[in-house]
Amino acid sequence: DVESLSVMEGDTVTLHTKMTNMQRDDQILWKLEDQVIPFAHLNGPDDAKWRNIRLNDTTRDLVISNIQSDQSGVYKVEINTISMVLHRKFHIAVG
């Protein structure tokens, strides 16, 4: 299933993992289309292209502030825990 969102440029968007109790050893990978979103640390990536994107440090939700039209597309998350693997997809259209 793909969750679709239609937003305006400048909006803040949160993509929810629906994970409530992430553990330190849990692994998470966020992508836009097939490009991995690089997180050097939880406050945001070093690459200027991704500066307005951060992870919620508790839930690992993806938060995009001041979203721009070039950030439209399909976002995917994969979470690997000791007991399961979770996949979610979001289609964001920025108008």
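Every number here is computed from the coordinates shown, using simple stated rules; none is lab data. Keep in mind that what you see is a predicted model, and the values were worked out from it rather than measured. Using ideal geometry, Cβ is built from the backbone for each residue, glycine included, and neighbour counts are taken over all protein chains shown.
Taking Lys and Arg as +1 and Asp and Glu as -1, the other residues whose beta-carbon sits under 14 Å from that of D34 total +1. Once you have the Kirkwood Rh of the chain from its Cα pairs, apply Stokes-Einstein at 25 °C and 0.890 mPa s and quote D in µm²/s. D = 181 µm²/s. Summarising the strand pairing of segment 2-94, around 80 percent of its internal DSSP beta bridges are antiparallel. Maximal additional length on extending the V85-V63 stretch stands at 5.8 nm, based on 0.36 nm per residue less the C-alpha distance. The protection proxy used here, the mean number of other Cβ atoms lying within 10 Å of each residue, ranks peptides 62-73, 16-27 as follows, highest first: 62-73, 16-27. Taking Cα centre as origin and charging only the Cβ of basic (Lys, Arg, +1) and acidic (Asp, Glu, -1) residues, the dipole magnitude of the chain rounds to 140 debye. Database remark: amide H of T59 closer than 5 angstrom to no amide H (H placed geometrically; neighbours at sequence offset of 5 or more, or on other chains; Pro and chain starts carry no H). Listed values for segment 29-36 are Karplus-derived 3J(HN,Hα) couplings in whole Hz (6.51 cos²θ - 1.76 cosθ + 1.60, θ = phi - 60°), namely 9, 9, 9, 10, 6, 10, 9, 5, and x replaces Gly and Pro.
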